[in-house]
Amino acid sequence: SILRMFFQIIYVHAAEYGVAPYANAGMGGGGAFIVDVNYQLRDEAAKRGTKLLRRMAARSHEKGFKPSSLKILMVPIGLSGKATLCDFADDHNPSLFICGSRGLGVMGRAFVGSTSDYLIHNAKCPVMIVKTPATESKDGSTETPNAAVISA
């Protein structure tokens, strides 16, 4: 396709995961267990993100184009997914950063904040927001991809 001749299309997902607090690890040897739990949480987030990206790539392929690559960004402790996506965009300087919108509503945006709004105001590249229908997983949950990056 013409798009693939001139641009790379990279699908990106920022995988956030909860972290078990490190309670006094010296008392009773509980610290090793908490470290194991944190690794498990991180691994599960990476697996979910990989599964989501592969599903989105398969959908794209059905529509006639194939992403150049799929990237999982593991969100560092203390950062948000939106900040991690913005850092990725700033580091890679894409021609266009496309972000899906989940439609959190007023309350969701007030408590969580909108990723798309954050990217529009903080990314150094052009950002396009696309209202995409959520896909339903077998377990009944809905997921939308974080972003697609188009780079020349």
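Okay, residues lined up against (1) modelled with pLDDT of 80 or more; (2) touching an Asp or Glu at 6+ places or on another chain (Cβ under 6 Å); (3) not in a loop (DSSP other than H, G, I, E, B):
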position	(1), (2), (3)
PRO21	no, no, no
MET27	no, no, no
PRO67	yes, no, no
THR84	yes, no, yes
GLY100	no, no, yes
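When the stretch 56-102 is limited to residues that are closer than 18 Å to LYS131 by Cα and among the basic types (Lys, Arg), the one that is farthest from the chain's Cα centre (by Cα) turns out to be LYS63.
Scanning the stretch 61-83 for residues that are more than 21 Å from THR115 (Cα to Cα) and in contact (Cβ under 8 Å) with a residue 24 or more places away in the chain gives GLY64, PHE65, LYS66, PRO67, SER68, SER69. GLN40 meets each of the listed conditions (1) modelled with pLDDT under 90; (2) surrounded by 13 or more Cβ atoms within 10 Å (Cβ to Cβ); (3) polar (S, T, N, Q) apart from (2).
The values are calculated or read from the model by the stated rules, or taken from the named source; none is laboratory data. Owing to the predicted nature of the structure, the values given are computational and were not obtained by experimental measurement. Every residue, glycine among them, receives a Cβ derived from its backbone with ideal geometry; neighbour counts consider all protein chains shown.
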